[in-house]
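The values are calculated or read from the model by the stated rules, or taken from the named source; none is laboratory data. Small disclaimer: the values here were computed from a predicted structure and weren't measured. Here the Cβ positions follow ideal geometry from the backbone for every residue, glycine too, while neighbour counts run over all protein chains shown. In case anyone asks, the SASA skips ligands and DNA or RNA and just uses the protein heavy atoms, side chains included. Shrake-Rupley method; radii C 1.70, N 1.55, O 1.52, S 1.80 Å.
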Protein chains: 2
Amino acid sequence: MSRPSILARTALALVIVLAATTVRAEDVRKAVDAGNAAFRTAFLAGDAQKVSELYTADAEIIAPGAPIARGRAAIAAFWKGGMAGVKELSLETRAVESAGDLAVEDGTVKLTGADGAVSTSRYVVVWKRDGGAWKLHRDIWNSEK
Amino acid sequence: MSRPSILARTALALVIVLAATTVRAEDVRKAVDAGNAAFRTAFLAGDAQKVSELYTADAEIIAPGAPIARGRAAIAAFWKGGMAGVKELSLETRAVESAGDLAVEDGTVKLTGADGAVSTSRYVVVWKRDGGAWKLHRDIWNSEK
């Protein structure tokens, strides 16, 4: 029986590594999409506590015009104020890149007020895998206007 | 001769892994500090081209009140405008976390204008290791005011 050459074995190993990397990137993207869907649901239900639980214990929200909200209690308080009068929230992810337990998402968020006015911001969210679950760890945005 | 127990060998392996992780985190922090020092030097010299080379080829600057600057040409053009009239730039890193080829820095930047007025912003910079060198990959900030 002929043995596979070093080259063939190396090529096979490379294919397996690349396939595993691709699957992993898709898994992280799915986790980010699921996290954003959970965020939107809790946000539109007005459940600031539930929104805060999507963040890591030492997460930071760095919002324009506000002091940094650090930790879940501050984050719940921030969103309790921030979700008042918002009737729709849409998150559009532009890209997700990840390495180990960190993932970086950038995208655009649109908030529609009770009066129908839409405000648009660009954001970067750093997600961190925390006990197996991907959570928001840094959340910063600003507006082009 | 007695052989080290499984427990002793596991403990030793753990110490080595923890030590390696600590050294690695310190290395990344040093690379970020060096990157920021190079940024400040090029910025204060008015060298927008050199500043842009500190970013990855597909980096994004997401600045308040401006469209996203994507790629080195757009980034050089952005900073060429942004560095006019700035006589001092100070970057204060609050924290750096890293995994593999990604690192997340958050901190505060102060710009001093020719008239002595200081503007302060909070930023998140995602650094990416690119051909062995750590470069700015996402650069976003806003102001508390």
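The rows are residues; the columns are (1) at the interface with chain A (Cβ under 10 Å from one of its Cβ atoms); (2) farther than 13 Å from A:ILE62 by Cβ; (3) not β-branched (Val, Ile, Thr).
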{"residue": "B:LEU91", "(1), (2), (3)": "no, yes, yes"}
{"residue": "B:SER98", "(1), (2), (3)": "yes, yes, yes"}
{"residue": "B:GLY107", "(1), (2), (3)": "no, no, yes"}
{"residue": "B:SER121", "(1), (2), (3)": "yes, no, yes"}
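Given the conditions (1) touching a residue at least 12 places away in the same chain (Cβ under 8 Å); (2) surrounded by 18 or more Cβ atoms within 10 Å (Cβ to Cβ); (3) touching a strand residue (DSSP E or B) at 6+ places or on another chain (Cβ under 9 Å), and given that A:ARG40 satisfies all but one, which numbered condition is not satisfied?
(2)
What's the total number of residues in the range A:97-118 that are part of a strand (DSSP E or B), of a type outside the set (D, E, K, R) and open to solvent by 60 Å² or more (accessible area, probe 1.4 Å)?
Qualifying residue count for the region: 1.
Do you know which residues across the range A:119-140 are hydrophobic (A, V, I, L, M, F, W, C) and either surrounded by fewer than 22 Cβ atoms within 10 Å (Cβ to Cβ) or modelled with pLDDT under 95 (or both)?
A:ALA133
So, in the range B:58-80, exactly how many residues are open to solvent by 50 Å² or more (accessible area, probe 1.4 Å), away from chain A (no Cβ under 14 Å) and either small (Gly, Ala, Ser) or out of contact with any Phe, Trp or Tyr (no Cβ under 9 Å at 6 or more places or on another chain) (or both)?
Within the range B:58-80, residues that are open to solvent by 50 Å² or more (accessible area, probe 1.4 Å), away from chain A (no Cβ under 14 Å) and either small (Gly, Ala, Ser) or out of contact with any Phe, Trp or Tyr (no Cβ under 9 Å at 6 or more places or on another chain) (or both) number 3.
Could you list all residues from the range B:22-57 that are among the hydroxyl-bearing types (Ser, Thr, Tyr) and within 14 Å of chain A (Cβ to nearest Cβ)?
Within the range B:22-57, just B:THR56 meets the criteria.
Given the conditions (1) open to solvent by less than 30 Å² (accessible area, probe 1.4 Å); (2) at pLDDT below 95; (3) at positive phi; (4) not acidic (Asp, Glu), report the number of the one that A:GLY85 does not fulfil.
(1)
Please find, within the range B:123-145, the residue that is nearest to the other protein chains (Cβ to nearest Cβ) out of those that are over 13 Å from the mean Cα position of the chain (by Cα) and of a type outside the set (D, E, K, R).
Out of the qualifying residues, it is B:ASN142.
Restricting to the range A:20-40, name every residue that is within 21 Å of A:LYS128 (Cβ to Cβ) and of a type in the set (S, T, N, Q).
A:THR21, A:ASN36
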